[in-house]
Every structure is written in structure tokens, then in C-alpha cells.
1. Would you be able to say whether some residue in region 352-363 is open to solvent by 40 Å² or more (accessible area, probe 1.4 Å), of a type outside the set (Lys, Arg) and more than 22 Å from Gly182 (Cβ to Cβ)?
2. If I filter region 225-263 down to residues being open to solvent by 40 Å² or more (accessible area, probe 1.4 Å) and not in a helix (DSSP H, G or I), which single residue comes out as nearest to Gly208 (Cα to Cα)?
3. If the requirement is being in contact with a Lys or Arg (Cβ under 8 Å, 6 or more places away or on another chain) and of a type in the set (Val, Ile, Thr), which of these qualifies: Ile544, Ile587, Ile534, Ile550?
4. Could you tell me how many of the residues in region 604-641 are of a type in the set (Lys, Arg) and over 31 Å from the mean Cα position of the chain (by Cα)?
5. Can we say Val529 is modelled with pLDDT under 95 and crowded, with 17+ Cβ neighbours inside 10 Å?
6. With respect to Gly179, is the statement that it is at pLDDT 90 or above, small (Gly, Ala, Ser), within 16 Å of the chain's Cα centre (by Cα) and assigned to a helix (DSSP H, G or I) true?
7. Taking the condition of being free of Cβ contacts under 8 Å to residues at least 60 places away in the same chain and either in contact with a Lys or Arg (Cβ under 7 Å, 6 or more places away or on another chain) or under 15 Å from Glu398 (Cα atoms) (or both), how many residues in region 428-444 meet it?
8. Which one of the conditions (1) surrounded by fewer than 21 Cβ atoms within 10 Å (Cβ to Cβ); (2) in a helix (DSSP H, G or I) does Ile544 fail to meet, given that it meets all the rest?
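The values are calculated or read from the model by the stated rules, or taken from the named source; none is laboratory data. This is a predicted model, so every value here is computed, not measured. Neighbour counts are summed over all protein chains in view; Cβ atoms, including those assigned to glycine, are modelled from backbone coordinates with ideal geometry. Ligands, DNA and RNA are stripped out before the accessible areas are found, and what is left, the full protein with its side chains, is counted by its heavy atoms. Shrake-Rupley method; radii C 1.70, N 1.55, O 1.52, S 1.80 Å.
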Amino acid sequence: MLSNHIQNGIETARLAWSRIPNSDESQFVDDGVGLLKKNDGSAVESLDYEVIENFAYREEQAHRRRKLYVSYLLVVKWFFALLIGICTGFAAVFINISVENFAGWKYSLTFNIIQKSYVAGFFVYVSINLVLVYSSVCIITQFSPAAAGSGIPEIKGYLNGVDTHGILLFRTLIGKVFGSIGSVGGGLALGKEGPLVHTGACIASLLGQGGSTKYHLNSRWFNVFKSDRDRRDLVTCGCAAGVAAAFRAPVGGVLFALEEVTSWWRSQLMWRVFFTSAIVAVVVRTAMGWCKSGKCGHFGSGGFIIWDVSDGQEDYSFAELFPMAIIGVIGGLLGALFNQLTLYITTWRRNHLHKKGNRVKIIEACLVSLLTSVISFGLPLLRKCSPCPEPDPTSGIECPRPPGMYGNYVNFYCSKDNEYNDLATIFFNTQDDAIRNLFSAKTINEYSSQSLLTFLVMFYGLAVVTFGTAVPAGQFVPGIMIGSTYGRLVGMFVVKYYRKLNIEEGTYALLGAASFLGGSMRMTVSLCVIMVEITNNLKLLPLIMLVLLISKAVGDAFNDGIYEEQARLRGIPLLDSKPKYEMRNMIAKEACGSGRVVSFPRVVKVPDVVSILQSNSHNGFPVIDHTRSGEPLVIGLVLRSHLLVILQSKVDFQHSPLPSDPRSGGRSIRHDSGEFAKPVSSKGISLDDIHLTSEDLEMYIDLAPFLNPSPYIVPEDMSLTKVYNLFRQLGLRHLFVVPRPSRVLGLITRKDLLIEDAENVNTLELRATSVRF
């Protein structure tokens, strides 16, 4: 009877608002920019965050109940956190030094050439950008397709329980690092911050599995954490390390991992993530101190993002809150529009452009590079130069900059020596230096409203068009550029109409940057802390909080955040923190599929296993035994990946169709739990890799030692909302739906879970008498 009801449903993804694709069931392949389209291979698969308590696992745990082993695991986890921080810090240093040197050489050479000929300088500038972008897109299309885009939606999916094949491989790490150098150094309207988050996650995953076996860069000494559950914690540390390295914001990195990417969080993990971010901060600061001696070429004031506005506006009046609220509304509207436009363009690319192959992707990226170079070089030529303001020795800012230099007050196509081009100051510059110029204090009237509006429209359009090309791309820096531009515009009007000496345009530029990021990414707490850390001005915290809350509220009225929209477009079925409203009126039985659930007997013949695995794509199967009276009895759940390991090894085949009890000593377990672990972001074993002889097909397999005897079970009439919360909070992959039980064996309360040492039994009893359960 129980077996018949079990047939009503087992696949857990059907219990959610969107079905999670499994190995052969979801036939997707990466098209080169992280988008997933149907083909004959699988690209998305659920992860097993549940502990599979089969006999092999329990036998291992019986030998590992020693405090020494627990202490060893604890030390190894902290050691891995240290390694993740060090490696991510060095990766960020390498990327930043490379990008700053390529950009420095490019601008220095261009500025030197335009002293003689602007035409020659233009061709040099365009050529350098084109070569860098071409190298980046070739790395992605030919070597590492999974490295395209920011990688944050895929990492967010991984931590939510969905593995996209290829996102955490060694070649993805290489493609992310060198592809980011080419795309950012080539002047495209994108940043390196999102790719750094992906880079940190790749480093953490590779360290957790001992390296890369494909490229023979592995060590068994590092191959300690083999379960998806342990790897999830390492990847979380890597994400926080990436943000800490990108923004030099260790606390912001911890909060980013907590707020934006993770679905499960524990206090123990918080400490390790914080430790990892602190290590990254130490490594980055040490590298910057070493580079100040001039050993890093053009790397110096730029590179690692920190825009010090501590000398900016000291105070603000109540009347200024209204224009600041207007900035929040503008940020919400432009952020939501940015999300929608990028969604439309990326969908069009997937359906029409990128289907034509890698050559089209390369041509597209090169055309975008050419367009960006023409706009950034050509538009400043159309702008008249402005006379330099009166020199201020206390500001430390020189006007104009000497020939061959870039920064504030750039002399570009100016007829007089004491003039500067305000549009070139933000267009013909690295993005970090352009943002530093927009945030700068004591530079009132440096920019005209026409120049800022021109830059806003052009750069906004370039950011929309560039997003989705086959190169590594982040959205943090372009968002800060866009927001700081309209924020500075609002600041100019405030200065003009309020006529107060203490108002700084740079302060409004900072608030604009925060508002656009809040309107696009929909982050609040982590983004607020990151903005405070990168600007070194705690006084602006209340204002940043205000614009973030307003921009997020306005953006939420139109669409989801950019990472959620892109994850949905890529076919990554994220389970949100809150179930859909419609689930309140549904029960678990209604969410189960109508098809018959395939099950195995306890002892099954080898050809039957092969036939079932070939005929369906399920990843979990109930195992049915019979009592002495002949009534069917569900004894557990066996995973597809475990069956494939058993078929490949063949050591568990037996001639007898009778069950054997490994606890009786008649047969010992021949596998440890680590052998059943699937490599990260790979397809693992498939039936095509298994070769069986005619003798093998006459054998039997006893599934009892390999099944999970205690899977999670819910009654068929449980509310789907409760099922959803249980499924997501526990990180499950499968969930049994059974008829309502006929009897109760016992009742567990809080006091039953307060298990303590034997010497503290009296304390336990005292607790039990002081609390009502």
C-alpha cells in the first residue's frame, strides 16, 4: 500500500515553483556567453547537499568519532580558508596590475602620439583596444566558454543547489583571469569585480577538490572535502574573498556573500568567511605597499578601487534630503530599465546572433570595441575646451595635466596650455580614474551639464550593448560610472539653487552611484557597507542608506534584480527565499508529477539497472523490499550517481539473487563515501563510460549498503508552502511524498535534542523541568 502511494511522487524539483533540471532530463549546453540552450548534453544539475547516510558513510563515522579527527577537520577548514584568501588576493593583484599597465601604456602612448597627430593617435588607440578585446573573446570562445559574463548568477545558482557544468573548472579560472585583463584593459564598458567573485569561487572549488586532474595539477593531500556540502562552504568563502579583493572591502565581502549569493548560512561559516576576507585585505594592502616603490609599472593610484572622499562634504541640511531622494528615484528607474534592456538584448543575442557560431561572437565583440573606442576618442574632439580654474595649492590637483598624463583636467585637443577638456576627463580615462574624478571634492564646475549628460547617454548605451558579449564582464564599475554621472548632475543643480558653500558635487556623485547599483542589483546592506569602505567616509552612511532603500523600492516595482533576471535567462532555476503565493492553496501531492515513479527492488539484476538508467533521467530512485507477509516496504533512496559508480567498479556484483547483510560480516563494504562524490562542475560518470561483459549481465547487486535509509519524508496533504520551505532550507534534492502515517511511534521536543555529555545529565534534567514543551 505504501509503495502505491510512493508512486505519486518522488522527484523533489517538482515540489518547487520551477523544476530543477537533472542530468539527462535537462538538455542544455553553453552557447559561449553563459546562456543555456537545448542540445543533447546536460549543463544543469541539482546538487546533493543532503548527507547520504548509507552504510559506507556510517561505517566511516564509526571509525571517526575521535576528538583528534574532529580537530583535524577543523584545522583543515581554517587552513583552506587561509589558502583561499591568499590565492584570491594574488589573483586580484595580478589582474589589477595587468589591467593598469595595459591601460597606462595605452594612454601614455596615445597622449604622446596625439601631440603630433590626432589621426595617428586615434588609430593607435583603436588598435590597442581591438587587440586586447580580440584576445579576450578568443580565450572565451576557444578555450573557456563558461568564463563569459560576470559568473555571479551561476555561482548564486551553485550555492542555491544547482550546478552549471564548467563554471568551477581550472580552465574557467584561467579564462576568467586572462579574459578579464583583455576586456577591461581594452576599454569596454564593463568591470572586473564580478569576474573576481567568480575567480574566488573557482579557486576555492579547485582547492577543495585537490586541484585539476585533467591538467595533472592535483594533490591528494588537498583532496579532503569531497561532498557538495563541504564544497559549498568553500565556494562561499571564495565569493566573499572575490568581493573583498575587488573593492578592498572585507566586511562588504562577508555581507555580499550573506545577502546576495548564499542560500544557507551558519555561524561557523561566518567566522571562516570573515577570516578569508581579512586575509585578502592583508594580501592586497601588502601588494599595494610594495607597488608604491614603482616596481609595478603604471600601477599606483588606480587599480584597486578606493575613492577617498573623506575630504568631501562635512555636513548636510534637511533641505538637501529632497534632491537626495530624487537621486534614489532616478537610480531605481534607470536601474530597472538597465535590467530590462540587457534582458531583451541578451535574449536576442541568444536566439539569433550567437547561434551562428564562435566567429560571429568574435566579430561582435570586436565591433563593440571599435564602437567604444570611436565614441570615447571622438566625442571629446567635438567638445570645446574650458579654461582652468584658479590654482589651489591645498587641493593637490594640477590643471591641466602635463602632456602624456591622464586624471583630472585632461588637456585633450585644446589650443591653449591652460585649458582642459571636461568630456575627455571622464571619457578618455580608465574607469577607476574617471570615477575618482567624478567623486572628487573641491572641483566645483569642473564639468558642464552638457558634458555629463552626453557621457551619461553614451556610456549607458555602451554598457547595455556590451553586457552579454562573449567576454568576462562585471556590472559594478559601469553602474558606479552611470550613477555618479547623474548624481553629479543633480549636485550641480543643488549647488546652483541652494547657494551653500559646504555642498560638494562629488558627494551627490557618490549617492548617485549607490542609487544605480541599488536599482539594478537590489542589494542594500552589503552594498551600503561596500560604498562606505571604498569611499572612506562614514559620515555619508545615513544618506547612502536612504538612496539605497528608495532605489530598491522603485526598482522592485518593475522587475527583479539583474542577477535574478540573468539566472532565469540562463535556465538556472533559483529557489527564492519566499515561496510563491499560489503555493498556499496547494498540497504536496498536487506538486508531484503524474507519471509513475520508477523504483528498484533491494536485490536487482545488472541489466535491469542499466535498462532503467537508460530509459529515464531521474537522479533518485526509491528502493522497495518486502516484509515476511509480502507487504512492500520502502527501505530508502538510491542515487543515480551511486549506481553508476557501482556499475563501473563491478566489485559489488554477486551471483546470488538473495540479499546479504554487510553487518553480519559475510561481506565487507568495498567503497568509502568519497568514491561516490561527483567532481565539481563536470558531468561525472555516464553510461557510455561503462562497459559490461555478458558475464556481468548475469550478476546481481544488493542495493542495501548504498541507499540512504533515512530520506526526508512529508505527508501527501502537507501544504506546498511548508514543503517549499523545508526543501530550500535543508538544501534537499529529493523528497518523498507518502500517505498520512497510521500510527505515531513517539514525539520529539526541544529537550530531546539537547544531548550533552554524560557528566552533564543533571543539567539536562534541570533544563527539562524549567521549560514547557
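1. Within region 352-363 (the criterion being open to solvent by 40 Å² or more (accessible area, probe 1.4 Å), of a type outside the set (Lys, Arg) and more than 22 Å from Gly182 (Cβ to Cβ)), the answer is yes, since at least one residue qualifies.
2. Step by step, filter region 225-263, then rank; the result is Lys226.
3. The conditions single out Ile534.
4. Total satisfying the criteria: 2.
5. Spelling it out, Val529 is indeed modelled with pLDDT under 95 and crowded, with 17+ Cβ neighbours inside 10 Å.
6. No: the conditions fail for Gly179.
7. 1
8. (1)
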